[in-house]
Amino acid sequence: MSSQPYHFKSSPAWEQSHPLLKFMRQQNPVLWLNEHYREVTDKPLVLSFADIEEASNRLQRFAPYMQKVFLDTRANKGIIESPLLAISKLKQLLVDRYATPLPGDLWLKCDSHLPISGSVKARGGVYEIIKHAETIALGSGLLKRSDDYSSIDSPLFKALFAQHSIVVGSTGNLGLSIGIMSAQLGFQVTVHMSSDARAWKKKLLREQGVQVVEYEEDYSKAVEQGRKEAQNRQNCHFVDDENSQDLFLGYAVAGLRLKQQLADKQIKVDAQHPLFVYLPCGVGGAPGGICFGLKQVFGEHVHCFFAEPTAAPCMLLGMYTELQDAICVQDIGLSGRTCADGLAVGRPSAFVGRFMQNMLSGIYTISDDEIYQLLALLKDSEGIELEPSALAGVIGMQRMISQGTAYIDRQSLGSVSHNITHIAWATGGGMLPKEEREAYYSTGKALLG
Ligand SMILES: *Cc1c(COP(=O)(O)O)cnc(C)c1O
């Protein structure tokens, strides 16, 4: 753990200059609007549209392989993609429950049900591993770019990859995605799991031959230990969730895909028809990458908001104070412990907050109780079951309509606000065992009273 640079907890002056901090410290839900949104700077971005296209093409090259080894990718010809569903019944429940009208449509982007690992990590995690595998395979001379990549599913390639290892630190889902993909290719793989990681995820990985190392501490510790292990090994690739541009680009491909998906449903995105997207945020890579991809495709017509638990608002803390990864939620007295295990991250990515500086519209926080309630409401209304982290985005529409007037006004969207398409990004839950689903649901039902 890096040493704490300041003692924010005991600084009333700081809370005066940053009034949201007090609410955050007390774990009250907040909505922060980014003052730097769309500010024009001369700093060039380190990643471009061409980088996203390259990632998309690489995923396409691997599609024949994916189809061959992962049956659940077959329906989509080896492309890892998820449905976009209208959730108007849930919307009606929200209207009743919060007693606010909700003009506009609410959709759920079901990355919770992505093939391979049942979470948004099947985008970034799988992409980083296939990129690494492709580099090794091309370098070995056993593969050419023009080949049919289904040939990679062979003892020859497995023996090649077995000489290499992969290491990652995770709260659970990244470990699942990296572990499953790496083991399938034949890599030796070690996943360092934080205390938040659910037992069933560790068990599933061990069954796949993945080495799982468990920690009593949080995500930052698991990542740090993974990084250390990788440094001491030859032919070892560390998947760096706090810094990786490959993970980020794998997520960003979602932007290109959503464009097509919306077009297929004849949903317009333009000045008259804005798009609001609500993305659950942990360390920031998944929501940041998706936001970047969407911005490349829809520009000013898409408005992205991150959603974080009140107990672990690390990206909000980093961006609001502009200290980025030099501050963590423990510095303001928060535990970082939340039922939203995929978002249980105390310190944000070193690069995502900076990268998002002029791209992200805002961030809101949501309590664990509200997450559980939404989980039960979604199941009751739509029959869709998600893991807690994935519900954080579901309240975004309600929040923006009830509390986001300042944003709507600032962006001059008042006259078109009834045309806004709202998308809640559902990030995980597709692989939850039945007992886990039932336990989450009954907690939510009890809280609804
Ligand atoms: C990882 C994860 C997120 C957030 O992704 P980050 O890259 O950590 O910000 C959101 N939801 C679920 C279910 C996740 O597993």
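The values are calculated or read from the model by the stated rules, or taken from the named source; none is laboratory data. Model, not experiment: these values are computed from the prediction. Neighbour counts run over all protein chains shown; Cβ positions are idealised from the backbone, glycine included. Accessible surface areas use protein heavy atoms only, side chains included; no ligands, DNA or RNA. Shrake-Rupley method; radii C 1.70, N 1.55, O 1.52, S 1.80 Å.
Just a few scattered comments:
- Here the accessible area of region 384-443 is 48 percent carbon and sulfur, with a 1.4 angstrom probe and all protein chains present.
- Whole-Å semi-axes of the ellipsoid equivalent to region 49-115 (Cα gyration tensor, √5λ, descending): 36, 15, 7
- Accessible surface for W14 stands near 50 Å², nearest 10, in the context of the full protein assembly shown (1.4 Å probe).
- Per residue, the chain reaches -13500 deg cm²/dmol at 222 nm when only DSSP H runs of four or more residues are counted, each adding -39500 (n - 2.57).
- Around the amide H of H237, modelled in the peptide plane, lie the amide H atoms of S165, I166, V167, all under 5 Å away and 5 or more residues distant in sequence or on another chain.
- Applying 1/(1 + (r/R0)^6) with R0 = 30 Å to the Cβ-Cβ distance of A263 and Q60 gives a FRET efficiency near 0.95.
- Accessible area per residue (1.4 Å probe, heavy atoms of protein chains only) ranks S150, S335, S182 as S335, S150, S182, with the largest value leading.
- Residue of S117, S220, S88 that the Gaussian network model of the chain assigns the largest fluctuation, springs spanning Cα pairs under 10 Å: S88
- Packing here is the average count of other Cβ atoms within 10 Å per residue, and on that basis the peptides 381-393, 233-245, 301-313, highest first, run 301-313, 381-393, 233-245.
- Measuring with a 1.4 angstrom probe and ignoring ligands and nucleic acids, T321 comes out at about 20 Å² accessible.
- Computed extension gain for H36 through Q234, at 0.36 nm per residue and net of the alpha carbon distance, reaches 67.0 nm.
- Each label was represented as a point 7 Å from its Cα along the Cα-to-Cβ direction; for L85 and V46 these points are 3.7 nm apart.
- Three-way shape call for region 155-259 based on the alpha-carbon gyration tensor, with the a/c threshold at 1.5: rounded
- Convex hull volume per residue for region 63-171, taking Cα atoms only, in Å³: 138
- For region 87-211, carbon and sulfur atoms together expose 52% of the accessible surface, with a 1.4 angstrom probe and every protein chain in place.
- Angle between the chain longest axis and helix 88-98 axis [Cα atoms, degrees, rounded to 10]: 40
- Antiparallel DSSP beta bridges within the chain, as percent of all bridges there, nearest 5: 20
- With the convex hull drawn around the C-alpha atoms of region 284-365, the volume per residue stands at 76 Å³.
- Nearest 10 degrees, 0 to 90: helix 368-382 Cα axis against the chain principal axis: 80
- Crossing angle, helix 285-298 versus the chain [Cα axis fit, 0-90 degrees, rounded to tens]: 80
- Accessible area per residue, Å², the chain with all protein chains present, probe 1.4 Å: 39
- Residue pairs, from the table K68/K201; K131/K158; K109/K203; K201/K295, whose Cα atoms sit over 26 Å apart: K109/K203; K201/K295
- The chain: Cys lacking any partner C-beta under 4.7 angstrom: C110, C236, C281, C314, C328, C339
- Per residue, the convex hull volume that the Cα atoms of the chain enclose (Å³): 143
- With all protein chains in place and ligands, DNA and RNA left out, the 1.4 Å accessible area ranks R227, R38 as R38, R227, largest first.
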